[in-house]
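Have a look at the structure below before the remarks.
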Amino acid sequence: MTSTVSCAAPPRSGSRAWAKFRRNRSAMLGAAIVLAFVVLAILASVLAGYDPLKVNFLAVRKPPSHMYWLGTDELGRDIYSRMLFGARASLMVGLVSVLIAMAAGVPFGLMAGYFGGWIDGAISRVTEALLAIPFLILAIALAAFLGPSLFNAMLAIGVSAAPKFTRLTRGQVLAVKNEDYVQGARALGASDLRIIVRHILPNVMPPLIVQATITIATSIIAEASLSFLGLGLQPPSPSWGSMLNTAKNFMDQAPWMSVFPGAAIFLAVLGFNLLGDGLRDALDPRQEK
């Protein structure tokens with residue numbers, strides 16, 4: 001007597017997930033905000049009215065006007081142009097940091113959840129120790145150790161966020177590794193590596209995608225914090241965090257220097273958080289109605 005065992009998990013319909021995502025107004029608002037920032041960052045060279053690095057001592061701390069839409073800073077540089085190029089830095093840090101975090105955290109989570117035993121114990125203890133340190137404190141410590149630069153800031157943020165992906169991946173693997181499609185693949189003689197890559201990883205990706213989206217928002221805040229402390233992108237290159245660092249000295253004379261970078265950080269983080277919440281609701285089968 002023979003029986004046929006399915007070796008693939010039933011995938012969640014993409015069209016159904018998209019339909020649910022589209023009905024979520026908050027998610028669509030978040031997607032629109034994120035898309036707007038991405039377009040502005042990509043087209044920064046076209047949309048910027050001035051060179052973001054050009055100093056003009058005849059236009060120092062000018063308020064917003066028809067010539068300078070968002071005003072100028074303490075060196076007469078156009079804030080609108082610097083905001084556009086600052087968006088490039090912030091979005092790049094968010095994306096690259098998450099890729100580093102996933103590359104470092106997901107494989108360890110897969111091994112811990114799938115193999116168990118002493119491997120799980122060792123990885124879990126290290127993960128818990130890193131998670132006991134506040135994310136931003138760990139990122140600041142790593143960035144200070146590596147030295148101030150944009151690449152080191154991305155590396156520090158990515159390494160600091162990796163334990164979250166390790167823990168999440170481990171939990172998801174524990175939930176699916178005993179499913180029928182995994183047992184069927186093992187019964188058919190599939191190797192552990194093939195089972196992990198072909199059967200487990202695709203089925204734990206939805207929550208990882210949601211976590212990645214939310215972590216981008218966290219990374220943007222972390223980059224702004226590091227730049228504010230002088231550990232991120234170095235002047236005169238524009239960064240929202242470094243712009244806030246400079247603006248703190250001119251709160252009374254030129255409040256627009258801090259209002260616009262702060263608003264940009266707020267909107268970007270809001271957009272990614274709303275997008276992440278919408279993806280979670282759309283991709284989670286338990287949210288079906």
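So that you can scan it fast, the table gives a plain yes or no per residue for (1) surrounded by fewer than 14 Cβ atoms within 10 Å (Cβ to Cβ); (2) closer than 14 Å to residue 256 by Cα:
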{"site": "27", "(1), (2)": "no, no"}
{"site": "41", "(1), (2)": "no, no"}
{"site": "46", "(1), (2)": "yes, no"}
{"site": "51", "(1), (2)": "yes, no"}
{"site": "56", "(1), (2)": "no, no"}
{"site": "70", "(1), (2)": "no, yes"}
{"site": "74", "(1), (2)": "no, yes"}
{"site": "82", "(1), (2)": "no, yes"}
{"site": "86", "(1), (2)": "no, no"}
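Has the range 192-205 got at least one residue that is in a helix (DSSP H, G or I), at pLDDT 90 or above and either polar (S, T, N, Q) or under 30 Å from residue 143 (Cα atoms) (or both)? There is at least one residue in the range 192-205 that is in a helix (DSSP H, G or I), at pLDDT 90 or above and either polar (S, T, N, Q) or under 30 Å from residue 143 (Cα atoms) (or both).
Close contacts from the range 60-86, counting a first residue that is free of Cβ contacts under 8 Å to residues at least 40 places away in the same chain and farther than 18 Å from residue 249 by Cβ and a second that is crowded, with 18+ Cβ neighbours inside 10 Å and among the basic types (Lys, Arg), with Cβ to Cβ under 9 Å and a gap of 6+ residues or different chains, come to 68/62.
Taken over the range 44-53, residues that are assigned to a loop (DSSP other than H, G, I, E, B) and without any contact (Cβ under 8 Å) to a residue 24 or more places away in the chain amount to 0. Output the residues belonging to the range 118-132 that are loosely packed, with under 14 Cβ neighbours inside 10 Å and either within 17 Å of residue 195 (Cβ to Cβ) or among the basic types (Lys, Arg) (or both). Hit for the range 118-132 is 125, nothing else.
The single condition from (1) surrounded by fewer than 18 Cβ atoms within 10 Å (Cβ to Cβ); (2) assigned to a helix (DSSP H, G or I) that residue 213 fails is (1).
A count restricted to the range 219-231 and to residues that are surrounded by 23 or more Cβ atoms within 10 Å (Cβ to Cβ) and part of a helix (DSSP H, G or I) stands at 7. You will find that of 32, 36, the residue that is at pLDDT 95 or above, exposed (fewer than 14 other Cβ atoms within 10 Å of the Cβ) and out of contact with any Lys or Arg (no Cβ under 9 Å at 6 or more places or on another chain) is 32 and no other. Under the condition of being touching a Cys at 6+ places or on another chain (Cβ under 7 Å) and part of a helix (DSSP H, G or I), the residues counted in the range 182-191 number 2. Put simply, of 156, 175 the only residue that is modelled with pLDDT of 95 or more and assigned to a helix (DSSP H, G or I) is 156. For the residues 60, 96, the requirement of being β-branched (Val, Ile, Thr) and farther than 23 Å from residue 247 by Cα singles out 96. Of the residues making up the range 104-143, those that are closer than 19 Å to residue 94 by Cα and assigned to a helix (DSSP H, G or I) are 104, 105, 106, 135, 136, 137, 138, 139, 140, 141, 142, 143. Only one entry in 171, 116, 109, 147 is in contact with a Leu (Cβ under 9 Å, 6 or more places away or on another chain) and within 24 Å of residue 276 (Cβ to Cβ), namely 109.
Each residue in the range 232-258 was checked for being more than 23 Å from the chain's Cα centre (by Cα) and either outside any loop (DSSP other than H, G, I, E, B) or surrounded by fewer than 18 Cβ atoms within 10 Å (Cβ to Cβ) (or both), and 14 of them qualify.
The values are calculated or read from the model by the stated rules, or taken from the named source; none is laboratory data. Worth saying up front: this structure is predicted, and the values here are computed from it rather than measured. Note that we place each Cβ from the backbone using ideal geometry, even for glycine, and neighbour counts take in every protein chain shown.
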